[in-house]
Amino acid sequence: MTQSPTLSRRSTPSAPPLPRKSRQRGADARAGYTFLLPWLLGFIALTVGPMISSLYLSFTNYNLFDPPKWIGLDNYTAMFQDERFLQSVGVTVGYVVFGTPLKLAAALAVAMLLNSARKGQGFYRSAFYAPSLIGASVSIAIVWKAMFGDSGPVDQGLSFFGINLGGWVGNPSMTMPMFILLTVWQFGAPMVIFLAGLKQIPADLYEAASMDGAGPVRKFFNITWPMLSPVVFFNLLMETIHAFQIFSSAYIISNGEGGPAGSTLFYTLYLYLRGFSDFRMGYASAMAWLLLIVVGLITLVIFRTSKSWVHYSGDAK
Amino acid sequence: MTTMATPTKPAAEAPAPVYNPKSESAGAKRTKSAIFHIVALALTGVVLYPALWMIASSFKPNSEIGGANTSLWSSNFSFDNFVTAMDGIGGVSTLQFFTNSLILAIGAVVGTILSASVSAYAFARIKFPGRSVFFGMMIATLLLPFHVVIIPQYIVFQQLGLVDTYIPLLIGKFLAADAFFVFLMVQFMRNLPAELDEAARIDGAGHVRIFTSIMLPLMKPALISTSIFSFIWSWNDFLGPLLYLNTPEKYPLPLALRLFVDQTQSSDYGAMIAMSVLALLPVLIFFLVFQRYIVEGVSTQGLKG
């Protein structure tokens, strides 16, 4: 109360320039929100609103037809007694833990191979990238199912070497390797990003290391890896988050059932089945929120630990 | 050892402008390059095999797709599978599915271009209170699993009677819901010189004029990348149509393919694969034509495929 008069009195002498400036600022604010309107509307109506209501629904029993009934934490506790749920967690975690590092390792290895070449790099880069563009499509899921089916080309090829596994699609212990191969096959997208990162590493660093007698292994660990770590960080984060959300290929390959023996019951597929075929929308919402929390925690862990292994060079922008 | 090597090395390396691990003779260089191409070509063969197998199988009679026949070549190549595939499924022709996919993809491109460019202009070029907070939230939505919002979204669209229409599939595109494109355009606009807007402002141009006559023409590369990726993403989208569309007449190709798989399970393999090829055809053509844009877009913006 005592302060506000002083403030206003102090601002009076400088009043003349202020109105123009604040008018400009006001106009900018109006223009800013007008231009932002499409995104802002979408953000509120399609993201924030639904997030809040799915959080609410996760504490209810809701089947789309009767009004939601509050049941507290029951959905969350029920999940951990639900065998199919636990199975879907196992399948998804296995896929993320094995598929993502393998995919990134393949991407980095091929990027380094391509970076060593002078000619033809553009051609190979495009050829290796192509699967990333089509890998999640229904068409490729159908092809994968045919290729890994009984007496498909994969089975035939392996029999030629005396390995008789039969079709991978119908064998619960081979479906996971099949999905991991599908994701590794799409190594092109992270590879292209690695390649761009490798090109940023100044060549004189390697020259200096060569003069000091460093071999390829030491050069990799002392130059390539630290210089590339921000890119590794980006790829690891994006690929991990994407891996959790695999859906179309799992749906097509297992006919929307997650079989055989639940071995392809990915988390999102189970969420879909609970929500849209059992109409247990509350339960599915709880699953969605658990996924959000887990993905959020993993993002946090990757960010936190990145301080110890991601190296940002001082002069880089 | 190192002291011995240092004096001789710089002399040998001096003419080479780019890093070269050891001074090599031309012959050694050629051998190295040959090994590289052999390895890279072998890898290309492995990577492209599924696509080649798919294309080859689509021309083969059913009896040759499975069984003991692993070679890509066949003496019985024909277009029969494509003829069957074009008939469609469930009384709807494949041409109809194509049209539906095309309507959705073009709608997605138009909506995304309009909404993302306008929103990105606000983030990149206008100073207003709350901008950085909203920008942070926009980035956060990049990492948000889509599944958290699908159930409530479905409930709302269902109550509005919009299930089995294209509105739920397109409305997000017109509201810049694909944050990736907003982000891409913001990054692009931030790299355009600020003097452009300042000069235009002195001439009395408002934000609308600056946006339409200065920014949009300069943003062409970003607009092209956005168009290509939003087209392909919409073309390949499966979950959205699976949730919202019920009548086969409205199905885009991915859903039609699923219907095909369900109804002809293993009876007409060839036609199923031919239809898969047809469904991917526009994506493959896009890739061949816009290769540069696509791969550059990935390497500079970290766009996902």
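The values are calculated or read from the model by the stated rules, or taken from the named source; none is laboratory data. Given the structure is predicted, the values throughout are model-derived calculations rather than measurements. All Cβ positions, glycine included, derive from the backbone under ideal geometry; neighbour counts span all protein chains shown.
Worth a mention:
- When A:Ile201, A:Ile293 are screened for being part of a loop (DSSP other than H, G, I, E, B) and in the same structural domain as A:Ala105 (by TED's automatic domain parsing), only A:Ile201 passes.
- Counting the residues of region B:189-200 that are without any contact (Cβ under 8 Å) to a residue 40 or more places away in the chain and either surrounded by 14 or more Cβ atoms within 10 Å (Cβ to Cβ) or under 19 Å from the mean Cα position of the chain (by Cα) (or both) gives 3.
- Flag for B:Tyr251 being modelled with pLDDT under 90 and touching a helix residue (DSSP H, G or I) at 6+ places or on another chain (Cβ under 8 Å): no
- When the test is whether a residue is part of a loop (DSSP other than H, G, I, E, B) and aromatic (Phe, Trp, Tyr), A:Trp168 passes it.
- Boolean, B:Phe174 is surrounded by fewer than 21 Cβ atoms within 10 Å (Cβ to Cβ), under 30 Å from B:Leu162 (Cα atoms) and of a type in the set (Phe, Trp, Tyr): yes
- The one condition from (1) under 25 Å from A:Gln87 (Cβ atoms); (2) part of a helix (DSSP H, G or I); (3) touching a Pro at 6+ places or on another chain (Cβ under 9 Å) that A:Leu181 does not meet is (3).
- Pairing each residue of region B:201-212 that is under 13 Å from A:Ala27 (Cβ atoms) with any residue that is at pLDDT 90 or above and in a loop (DSSP other than H, G, I, E, B), provided the two are 6+ apart or on different chains, yields C-beta distances under 9 Å for B:His207/B:Ile126.
- Scanning region B:184-203 for residues that are of a type outside the set (A, V, I, L, M, F, W, C) and not in a helix (DSSP H, G or I) returns B:Asn191, B:Pro193, B:Asp203.
- Checking A:Phe123 against (1) farther than 30 Å from A:Pro260 by Cβ; (2) crowded, with 16+ Cβ neighbours inside 10 Å, the condition it does not meet: (2)
- Screening A:Gly262 with (1) part of a helix (DSSP H, G or I); (2) more than 11 Å from chain B (Cβ to nearest Cβ); (3) within 24 Å of A:Gln81 (Cβ to Cβ) gives one miss only, at (1).
- Only listed residue being at positive phi, more than 15 Å from the chain's Cα centre (by Cα) and among the small types (Gly, Ala, Ser), chosen from A:Gly282, A:Gly262, A:Gly275: A:Gly262
- Residue identified as at pLDDT below 90 and not assigned by TED's automatic domain parsing to the domain that holds A:Ala196 among A:Gly259, A:Gly314: A:Gly314
- Annotation note: of A:Tyr206, A:Tyr267, A:Tyr251, the sole residue that is crowded, with 17+ Cβ neighbours inside 10 Å and over 22 Å from the mean Cα position of the chain (by Cα) is A:Tyr206.
- Yes/no for A:Phe187 being more than 8 Å from every other protein chain (Cβ to nearest Cβ), of a type in the set (Phe, Trp, Tyr), crowded, with 16+ Cβ neighbours inside 10 Å and in contact with a helix residue (DSSP H, G or I) (Cβ under 9 Å, 6 or more places away or on another chain): yes
- Looking only at region A:100-111, residues that are surrounded by fewer than 17 Cβ atoms within 10 Å (Cβ to Cβ) and either touching a helix residue (DSSP H, G or I) at 6+ places or on another chain (Cβ under 8 Å) or at positive phi (or both) come to 1 in all.
- Scanning region B:147-168 for residues that are part of a helix (DSSP H, G or I), among the β-branched types (Val, Ile, Thr) and more than 10 Å from every other protein chain (Cβ to nearest Cβ) gives a single hit, B:Ile167.
- B:Leu72 within 30 Å of B:Met219 (Cβ to Cβ), within 11 Å of another protein chain (Cβ to nearest Cβ) and of a type outside the set (Asp, Glu): no
- Of all residues in region B:174-183, those satisfying the criterion of being in a helix (DSSP H, G or I) and either of a type in the set (Phe, Trp, Tyr) or under 11 Å from A:Leu46 (Cα atoms) (or both) are B:Phe174, B:Phe180, B:Phe181, B:Phe183.
- Out of A:Phe148, A:Phe160, sole residue that is more than 7 Å from every other protein chain (Cβ to nearest Cβ) and either more than 19 Å from B:Met54 (Cα to Cα) or surrounded by fewer than 23 Cβ atoms within 10 Å (Cβ to Cβ) (or both): A:Phe160
- Among the residues making up region B:122-133, those that are facing another protein chain (nearest Cβ under 7 Å) and more than 26 Å from the chain's Cα centre (by Cα) are B:Ile126, B:Lys127, B:Phe128, B:Pro129, B:Arg131.
- Among the residues of region A:91-120, those that are within 14 Å of chain B (Cβ to nearest Cβ) and more than 22 Å from A:Ile201 (Cα to Cα) comprise A:Thr92, A:Val96, A:Thr100, A:Lys103.
- Against the test of being free of Cβ contacts under 8 Å to residues at least 12 places away in the same chain, assigned to a helix (DSSP H, G or I), more than 7 Å from chain B (Cβ to nearest Cβ) and small (Gly, Ala, Ser), the options A:Ala208, A:Ala214, A:Ala243 yield a single qualifying residue, A:Ala208.
- Residue that is nearest to the other protein chains (Cβ to nearest Cβ) [pool: residues in region A:64-77 that are surrounded by 15 or more Cβ atoms within 10 Å (Cβ to Cβ) and out of contact with any strand residue (DSSP E or B) (no Cβ under 6 Å at 6 or more places or on another chain)]: A:Leu64
- Restricting region A:79-111 to residues that are over 16 Å from the mean Cα position of the chain (by Cα) and polar (S, T, N, Q), the residue that is farthest from A:Thr175 (Cα to Cα): A:Gln81
- Number of the condition not met by A:Gly32 [criteria: (1) surrounded by 15 or more Cβ atoms within 10 Å (Cβ to Cβ); (2) part of a helix (DSSP H, G or I); (3) touching a residue at least 12 places away in the same chain (Cβ under 8 Å)]: (3)
- Residues satisfying the criterion are absent from region A:207-221 (criterion: of a type in the set (Val, Ile, Thr) and touching a helix residue (DSSP H, G or I) at 6+ places or on another chain (Cβ under 6 Å)).
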